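Input: a single structure, listed below in structure tokens.
The values are calculated or read from the model by the stated rules, or taken from the named source; none is laboratory data. Just so we're clear, the structure is a prediction, and the values are computed from it rather than from any experiment. Cβ: placed from backbone, ideal geometry, glycine included. Neighbour counts: every protein chain shown. In case anyone asks, the SASA skips ligands and DNA or RNA and just uses the protein heavy atoms, side chains included. Shrake-Rupley method; radii C 1.70, N 1.55, O 1.52, S 1.80 Å.
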Amino acid sequence: MNTRSQSARTAAVAGLAITTLVSASLALVALNAGGEVRIGPVTLMRLAAGYDRRAEPLLAPEAPPPAADRARAVQLSRSALAEFPYDTPARLRIAYAESLATGTLTPTARTELSRSYDLVAMDPDVGGWRVRFALNFAQQLPPELREAVKKETLALGRTWSTRKQLRQAVPLLRDPMGAVWLTLWLNDAEASVTR
């Protein structure tokens, strides 16, 4: 191998290492800075997880958050979805914020909840929360959305720990029909495991 070829390879490897280091650094800054890295008017990187990280605490307080926090959480969640459409927590934050504003499952909330199921039918990370949220509005769910919630409940209910968590949620559901459905579905899930 001649020295010119070896020098070119060394330069390529060094360039790749530098590019990787810069990209990783930008991703870390975007994650910690709330979703994006900017220098003046130029956006260097956007990261859905960074938007999520910034939006989540806005809706986390026990008391209903102020309207400004809800609006900001929705805005950040939409930015996250622009980067990663499969971001189930972002869709659920939008649905939750909408429901806090009205106390009902608004058309926007229903659309985002439904879309979250269309894209990720069973999500072990947020599925328990999603089932509880949906069943708080059980009588407002269209049949196809109710069926998606049922399928996720049956899948999650196959695991003892998740089934236990969902059973503990039954008395906390605001919609009595949701409590009935959740109980029945969890019984079906438990029966399918013991067969």
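Considering each of E98, E112 in turn, give the residue that is part of a helix (DSSP H, G or I), in contact (Cβ under 8 Å) with a residue 12 or more places away in the chain and open to solvent by 50 Å² or more (accessible area, probe 1.4 Å). Write out each step before concluding.
Values: E112 fails: open to solvent by 50 Å² or more (accessible area, probe 1.4 Å).
The conditions single out E98.
Taking the stretch 59-69, which residues are closer than 20 Å to R132 by Cα and either part of a helix (DSSP H, G or I) or in contact (Cβ under 8 Å) with a residue 12 or more places away in the chain (or both)?
Of the stretch 59-69, the ones closer than 20 Å to R132 by Cα are 59-65.
If the condition is that a residue be closer than 20 Å to R132 by Cα and either part of a helix (DSSP H, G or I) or in contact (Cβ under 8 Å) with a residue 12 or more places away in the chain (or both), then L59, P64, P65 are the ones that fit.
Looking only at the stretch 160-175, how many residues end up being without any contact (Cβ under 8 Å) to a residue 24 or more places away in the chain and either open to solvent by less than 70 Å² (accessible area, probe 1.4 Å) or within 13 Å of F137 (Cα to Cα) (or both)?
2
Just wondering, is there one or more residues in the stretch 71-79 that are more than 19 Å from L119 (Cβ to Cβ), at pLDDT below 85 and not small (G, A, S)?
Among the residues of the stretch 71-79, not one is more than 19 Å from L119 (Cβ to Cβ), at pLDDT below 85 and not small (G, A, S), which makes the answer no.
Looking only at the stretch 180-195, how many residues end up being in a helix (DSSP H, G or I) and charged (D, E, K, R)? So that I can check it myself, show each step before the final result.
First pass over the stretch 180-195, keeping only residues in a helix (DSSP H, G or I): 180-194.
Among the residues that remain, those that are also charged (D, E, K, R) are: 188, 190.
Total satisfying the criteria: 2.
Let me confirm something: among A138, A134, A101, which residue is more than 11 Å from the chain's Cα centre (by Cα) and more than 26 Å from R163 (Cβ to Cβ)? Walk me through it before giving the result.
Details: A138 fails: more than 26 Å from R163 (Cβ to Cβ); A134 fails: more than 26 Å from R163 (Cβ to Cβ).
A101 is the lone residue from the list that is more than 11 Å from the chain's Cα centre (by Cα) and more than 26 Å from R163 (Cβ to Cβ).
Checking K164 against (1) outside any helix (DSSP H, G or I); (2) out of contact with any Phe, Trp or Tyr (no Cβ under 8 Å at 6 or more places or on another chain), only one condition comes out false. Which one?
(1) is the only condition that K164 fails.
Can you pull out every residue in the stretch 124-140 that is over 20 Å from S192 (Cα atoms) and either open to solvent by 10 Å² or more (accessible area, probe 1.4 Å) or part of a helix (DSSP H, G or I) (or both)?
Within the stretch 124-140, the subset over 20 Å from S192 (Cα atoms) is 125-126, 129-130, 132-140.
The answer is D125, V126, W129, R130, R132, F133, A134, L135, N136, A138, Q139, Q140.
Assess whether E144 counts as being under 24 Å from F84 (Cβ atoms) and either in contact with a Lys or Arg (Cβ under 9 Å, 6 or more places away or on another chain) or assigned to a helix (DSSP H, G or I) (or both). Outline the logic, then answer.
Details: under 24 Å from F84 (Cβ atoms): no; either in contact with a Lys or Arg (Cβ under 9 Å, 6 or more places away or on another chain) or assigned to a helix (DSSP H, G or I) (or both): yes.
Considered against the rule, which asks whether it is under 24 Å from F84 (Cβ atoms) and either in contact with a Lys or Arg (Cβ under 9 Å, 6 or more places away or on another chain) or assigned to a helix (DSSP H, G or I) (or both), E144 comes out as no.
Quick one: M177 ticks every box in (1) modelled with pLDDT of 95 or more; (2) part of a helix (DSSP H, G or I); (3) assigned by the TED database to the domain that holds R70 bar one, so which box is it?
With (1) modelled with pLDDT of 95 or more; (2) part of a helix (DSSP H, G or I); (3) assigned by the TED database to the domain that holds R70 applied to M177, the lone miss is (3).
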